[in-house]
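Here, each number is a calculation from the coordinates, and none is a lab measurement. Owing to the predicted nature of the structure, the values given are computational and were not obtained by experimental measurement. Here Cβ is always computed from backbone atoms with ideal geometry, including for glycine, and neighbour counts include all displayed protein chains.
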Amino acid sequence: MDPCFRKNRGVLLCFCNKPALPSYTDEFGLIYECGNCGNNDNKVCGFHIHKEIWDKFFDNPSKINPYDRELSICPYFNFTFCVYFRKWNDYQKNHFPPPLCFCERPVILRNTSKNKPMFVCSNYLINGAKPKCIYHVYADNQAFKKSENCIHSVENHMPTSTSPLISDKFVVQVADESFRKDRNILYNRYILEIGKRQSC
């Protein structure tokens, strides 16, 4: 796990170091993506996790299996897993369309000897290949253009702590309870909480 990331499981930060955006999906339950997915910023990072299995990895880092079958289901989640925990596997890894290198060619993802993936020029390691440039950006620092399409079919977005009416503690509480309570109950609790804070 990269030492620059917060170790508190309850506070999820994307690679931009912003509170990750939680959403509900019918297929995977609660997911989190780049915090910029919920604002007008046109750049995002590649952060994308499925909360239930992520917690399992996070709580037992010494027992993580990089070939857990859950990682083979969603290549976007697998990308985040490999970058965050610095563990590599042969499963597909997806992200938003990559930027262009200095040669005006799409960059590609490669692993390093320290298992810290980076994006490089597609010809960087090919002897004699031209054109070639020295473009290299670690995957957790790489910005992508925001896509208009969702990775998964999202039922609804939950609020993040960027709202002045909502605390980190409340967002975490809603996220952690989402696997045990009906989504409609959670939504009603959120509305009640906002009403209380507005009346204070």
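What is the order of PHE58, PHE102, fewest Cβ neighbours within 10 Å to most? Mind dumping the intermediate values first?
On the way: PHE58 18, PHE102 12.
Ascending number of Cβ neighbours within 10 Å: PHE102, PHE58.
Among HIS136, PRO106, ILE126, whose Cα projects farthest towards the positive end of the dipole of region 99-141, with charges put on the beta-carbon of Lys, Arg (+1) and Asp, Glu (-1)?
So the residue we want is ILE126.
Treat the count of other C-beta atoms within 10 Å as a stand-in for reagent exposure and order HIS95, HIS136, HIS48, HIS152 from fewest to most.
Values: HIS95 21, HIS136 14, HIS48 26, HIS152 18.
The fewest-first ordering by Cβ neighbours comes to HIS136, HIS152, HIS95, HIS48.
Need one word for region 99-141: rounded, prolate or oblate. Basis is the Cα gyration tensor (sqrt eigenvalues a ≥ b ≥ c); a/c below 1.5 gives rounded, then a/b vs b/c decides.
Details: a/c = 2.85, a/b = 1.44, b/c = 1.98.
Oblate.
Could you go through region 20-35 in sequence order and give the Karplus-derived ³J(HN,Hα) for each residue, using 6.51 cos²θ - 1.76 cosθ + 1.60 with θ = phi - 60°, rounded to whole Hz, and x for Gly and Pro?
Karplus values, whole Hz, x for Gly and Pro: 5, 8, x, 9, 9, 10, 5, 7, 10, x, 7, 10, 10, 10, 3, x.
Are any of the pairs LYS18/LYS51; LYS18/LYS132; LYS43/LYS130; LYS18/LYS116 more than 26 Å apart by Cα-Cα distance, and if so, which?
Over 26 Å Cα-Cα: LYS18/LYS132; LYS43/LYS130.
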